[in-house]
Amino acid sequence: MPLVVRSWNVFHGRTWPESRRTHLEDMVRLVTAGADVVALQELPLWALPRLEGWSGMKARCAWTMPALYGPLGHAAAAFDPVRFRSQATGQANALLLRQELRVTGQRMRILNPELGPRDRLLRWRQRRTCHAVDVEDRGRRIVIGNLHTDGDPAQVARAVALVVDTKACILCGDFNIPAHALAGFSAPLEGIDQILVRGLELVEPPAIWEDERRRVGRRLLSDHSPIEAVVA
């Protein structure tokens, strides 16, 4: 059976244009419905323990920024999500996987190594990461990676090096580089959000969701659109 793969920068659950309301639970439920693999970027840390309940999927997470306000960050962001952002709540990326996919390993690489975990002076700045899981699906071994860079091609190259040892690979995320092509991978979309595959067949190439699928009233959920592909 094919895998429905999606990727979305959820913008901490905020809307576009921005408002005083957030919709993170609704967004997670929306993007995971009918999916096998979902890569999420820009999640607040408080949401990580709730992802499996919201989605019904396995969650594997990688934090990228600690919460400056600790447990008060969630309350501050709920009061004013425009003013209290990622430094208040912390930030993470996550991979959500259909329950039948067996996770056999995980790997992670910091893409801006000057912000290593032991550097206390820089610990409040955002770590750019690529977090990947090794999964088995009906005898197939696939590595699925989720990255979020600040637009530096060298960071993307470090993410590719993390999965260089695997033949079948799905690389998702917010590259922050338009139409960034990778040797040996499928063709990129024109935007900055990508689902790229290597060693696998695309039944349906990556496509951007229409705005109506994420519209709430006069606003859109997130300042990014989800993207979706179907992988054989």
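The values are calculated or read from the model by the stated rules, or taken from the named source; none is laboratory data. Keep in mind it's a predicted model, so treat the numbers as computed, not measured. Methodologically, a virtual Cβ is constructed for each residue, glycine included, from the backbone with ideal geometry; neighbour enumeration extends over all protein chains shown.
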Considering every residue within segment 129-150, establish whether at least one is aliphatic (A, V, I, L, M) and at pLDDT below 95.
no
Need the failing condition index for N146 against (1) over 15 Å from L101 (Cβ atoms); (2) crowded, with 17+ Cβ neighbours inside 10 Å, just the number.
(1)
Mind counting the residues in segment 181-201 that are of a type in the set (A, V, I, L, M, F, W, C), under 20 Å from the mean Cα position of the chain (by Cα) and more than 16 Å from A159 (Cα to Cα)?
2
Under 7 Å between Cβ atoms, which residue pairs at least 6 apart in sequence (or on different chains) link something in segment 173-184 that is acidic (D, E) with a partner that is not in a loop (DSSP other than H, G, I, E, B)?
D174/N9; D174/Q41; D174/H148; D174/D193
Filter segment 202-218 for residues that are more than 19 Å from the chain's Cα centre (by Cα) and in a strand (DSSP E or B); the one that is farthest from C130 (Cα to Cα) is V216
Hey, could you check segment 163-180 for residues that are not hydrophobic (A, V, I, L, M, F, W, C) and not in a loop (DSSP other than H, G, I, E, B) and say which is nearest to the chain's Cα centre (by Cα)?
G173
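Which residues, counting only those in segment 87-99, are over 13 Å from the mean Cα position of the chain (by Cα) and at pLDDT below 95?
Q87, A88, T89, G90
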Identify the residue in segment 1-22 that is farther than 30 Å from L202 by Cβ and in a loop (DSSP other than H, G, I, E, B) and, among all such residues, is nearest to the chain's Cα centre (by Cα).
R14
